[in-house]
Structures are given as structure tokens and as C-alpha cells.
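As C-alpha cells, the structure follows; a few thoughts come after it.
Rule-based calculations on the coordinates, nothing more; no lab input. Keep in mind that what you see is a predicted model, and the values were worked out from it rather than measured. For neighbour counting, all protein chains shown are included, and Cβ atoms are generated from backbone atoms with ideal geometry for every residue, glycine included.
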Amino acid sequence: MRGKFVTFEGTEGSGKSTQVRLLAKYLDDTNQPYLKTREPGGDDIAEKIRTLVLSAENDTMTFETEALLYAAARAQHVKHIILPALAEGKIVICDRYVDSSISYQAYGRELSLDFVKNINEYALKNCAPDLTILLDLSPEDAFKRKGGVDKNDRIETSGDAFYKRVDDAFRNLRLETDRVVTIEPYGSRKHTLDQIIKVLRDKDYIK
Ligand code: TYD
């Protein structure tokens, strides 16, 4: 049976990566097979694209190039990492996916939504998430938590107006309640993890 594909979305500092790590530890501790991965990244080529796209040195990169690079990394990732793991019946836990491109490149960079959707259709090969967990924290709270902007990160240095638009996109994503479960990560890490585990158990994705 095909495994389930679960993505995590939210702004920088929302605690996504920590929760993905804690969930993986829970699955390890309870002997459940899974694949943990992230975007941009996942395979060697996609990790190289990650370095290229995030490096603040590449400050002449056009927003179109940026969107295409995220989609290119995703094409590698889907074909070489995500689809094979799903075919093996594993649950795939992925830190960011196409909703990040909609939020950051279409809304944040103000590129055409059709353009961003179209290039990602090529990359995705119909590999849509079964479930998306949105950790919903305002950009102000999130940057406070992570102790400010990382100056070496080309995306993080994009300014408050950019992050306001990204946040608006995440607010829209909240409305897709068939697929998206929103969790407000204001309590302890453990409290947030418990909520995530409950969502996955209720859907019978994990034990
Ligand atoms: P990362 O350091 O992994 O940030 P985080 O821990 O918050 O996920 O960097 C990923 C960055 O790339 C983050 O700023 C969001 C951005 N991004 C996009 O702009 N579009 C995308 O499609 C993806 C996957 C990420």
C-alpha cells in the first residue's frame, strides 16, 4: 500500500524543523518506518540547488529564477526520494513543499500564481500531500523566537512587507481544511508534538 505524504509548513522560526525532528524520534522510538526529508533539498542535486538559492551572495538572482530553482529541486526530490519511499509504504514527513512556493514565490515575491502553479505541476508528477500541518505563528513572533534575521540567508533578508505577504498566504492555506490542519505552536514543544501525533493517529497514519 502506498504510504502517506505529510508536509509541514509555516514561517521561519515556527518550529517546523524541530517538530519534524521530534516526530521522527517518536517514530524511531516506536519502531515505525518513515522517511524524513526537507525542501529545498532531499537528494544531492536538490541540496546543491538549496545552497545556490539560499546564499545571500547570489543577490542578482531574479525572482523567476528563484521560483524555477525551487521547482527544479522539487522535481529531483519527488522522483528520487519521495515517490520511492511512498511506494515502499513509508510515511514521508517533509519539512516544506509546494505550499512554500505558493506562499514565498507567488505571494511573497508577487510572481503570477499561474506561473508558480504551472512550473510546479511539472515538478510534482501529481505527488500531492495527503496532509499538511501548518504551524501558524506570526512572522513577528517567529523572528523574535529565532533571535532575528539570518543575514546570510537570501530569503530571510527580504523584509517585513515580504513576510507580511507570506503570512497572508499561510492564512489562505488555513482555509483548505480538507488537507490542512493548523496548529498554533504557542505552548511547549512537547504540547505541539502531542497535538501533531494525535492528528496523525486519528487518521491512522501512525500508531
Ligand atoms: P530553511 O533554512 O530550511 O528555513 P526553514 O527552517 O524556515 O524552513 O530555508 C528554506 C527557505 O526557503 C525558507 O526561507 C523558505 C524558502 N522556500 C521558498 O521560498 N520556496 C519554497 O518552495 C521552499 C521549499 C522554501
What's the number of the only condition in (1) more than 11 Å from the ligand (Cβ to nearest atom); (2) in a helix (DSSP H, G or I); (3) not acidic (Asp, Glu) that Met61 fails to meet? (2)
How many residues does segment 49-58 hold that are surrounded by fewer than 14 Cβ atoms within 10 Å (Cβ to Cβ) and either within 11 Å of the ligand (Cβ to nearest atom) or of a type in the set (Val, Ile, Thr) (or both)? 1
I'm trying to understand the selection: among the residues of segment 1-48, which are outside any loop (DSSP other than H, G, I, E, B), out of contact with any helix residue (DSSP H, G or I) (no Cβ under 6 Å at 6 or more places or on another chain), among the hydrophobic types (A, V, I, L, M, F, W, C) and more than 16 Å from the ligand (Cβ to nearest atom)? Leu27
Which residues, counting only those in segment 67-99, are within 9 Å of the ligand (Cβ to nearest atom), in contact with a strand residue (DSSP E or B) (Cβ under 6 Å, 6 or more places away or on another chain) and part of a helix (DSSP H, G or I)? Asp99
Cβ-Cβ under 6 Å pairs, at least 6 apart or on other chains, segment 44-55 side of a type in the set (D, E, K, R), far side away from the ligand (no atom under 12 Å from the Cβ): none
In segment 78-110, residue farthest from Met1 (Cα to Cα) [restricted to those that are surrounded by fewer than 18 Cβ atoms within 10 Å (Cβ to Cβ) and acidic (Asp, Glu)]: Glu110
